Amino acid sequence: MAKGREFYTEYPENPPDWYWEAGLHDACIIGAEIYEFPFDYNKYTAEKNKYDRNMLSLKIDAKGALYDFRVKEIRFFNYKMLPDSVDLTILEPSEKNKVWWLADQLTEKGGKYELDILLEICVPHQKQFHLKLRFDRAEVDRK
């Protein structure tokens, strides 16, 4: 993992109930799935943001996390990848190539959340990258 470096998670002042305030440093992402939801024209009320259009699900193995080891899955609804974000195909881990969560920063902007996650892979060479996304809401499954 990190050699002599320190990673800081920046916590919001009033975090939402679903947020992992204790931190997920050294948790492992064991899967990522994308869902596109069909549009229901019968429920449409001209309010685009009222309905879930898509979802990104991150499966987490938090057994090795330093702080919050209860998180199993995080679902981001109506998400959008932000510029300078890593391609989601990197989140398809294998036994040789695990994806580690180092730190994150959550901000709220105009009723939407933005999350910047610093991730690391170690095979074939140690490399860090950012997963940046904007979303309307999230749900977290805990043990």
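Here, each number is a calculation from the coordinates, and none is a lab measurement. Only a predicted model underlies this, so the values are computations on that prediction, with no experimental measurement involved. Positions of Cβ are backbone-derived with ideal geometry, glycine not excepted, and every protein chain shown enters the neighbour counts.
Worth a mention:
- Placing +1 on the Cβ of every Lys and Arg and -1 on the Cβ of every Asp and Glu, with no other charges, gives the range 52-143 a dipole of roughly 160 debye about its Cα centre.
- Where labels lie 7 Å past Cα in the beta-carbon direction, separation of residue 126 and residue 82 in nm: 2.6 nm
- Loop-resident sites, the range 59-90, for trypsin sites (Lys or Arg not before Pro), counting at most 11 other Cβ within 10 Å (DSSP): 63
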